[in-house]
Amino acid sequence: MPFPPPTQGYEEQHISGTALDYLLPRPTIKAIQSPNDLSIAGITEGDVITVEPHQPPKNGSIAIIERDGDQHVVKLHWYKQRWYAETDTHKGVITENINYIALVRTVIKSQI
């Protein structure tokens with residue numbers, strides 16, 4: 001009986017579908033365009049970001065928040081039992097009129 005080839009079971013599959021099928025490993029992850037710049041995270045307005053709405057915020061994470069109907073990409077900080085949000089131009093405490101939308105997972109840089 002001959003030995004099987006060492007590559008058996010590792011054959012390449014044909015690529016089908018869109019690139020987003022490969023970039024979004026779980027159905028809870030969504031791809032959206034960044035609504036603003038956040039240079040501390042390397043995000044530029046218009047970059048595609050993958051977000052996970054059902055994940056809770058963590059200290060130091062990048063997230064999407066909504067204030068007065070506008071969405072913003074921010075860096076979150078937990079300090080003295082309060083959440084703080086930081087953008088390129090503002091930094092402050094998160095109040096009750098600000099809603100947490102999603103946790104940012106990855107950034108796909110715009111090539112335009």
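The values are calculated or read from the model by the stated rules, or taken from the named source; none is laboratory data. Nothing here was measured: the structure is a model prediction, and the numbers come from that model. Cβ atoms come from the backbone with ideal geometry, glycine included; neighbour counts cover every protein chain shown. Protein only, heavy atoms only, side chains kept; ligands, DNA and RNA dropped before computing areas. Shrake-Rupley method; radii C 1.70, N 1.55, O 1.52, S 1.80 Å.
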Once amide H atoms are built 1.01 Å from N in the peptide plane, which residues 5 or more positions from ALA102, or in another chain, come under 5 Å H to H?
-> ILE64
Distance in nm between pseudo-label sites at ILE108 and GLN81 (7 Å out along the Cβ direction from Cα) = 4.3
22 Å Cα-Cα reach of LYS91 towards lysines, excluding residues that sit fewer than 8 places from it in its own chain | LYS58, LYS75, LYS80
For ASP47, distant residues with modelled amide H under 5 Å away = SER34, SER110
Taking only protein heavy atoms into account and a 1.4 Å probe, give the accessible area per residue of segment 29-88 in Å².
-> 56
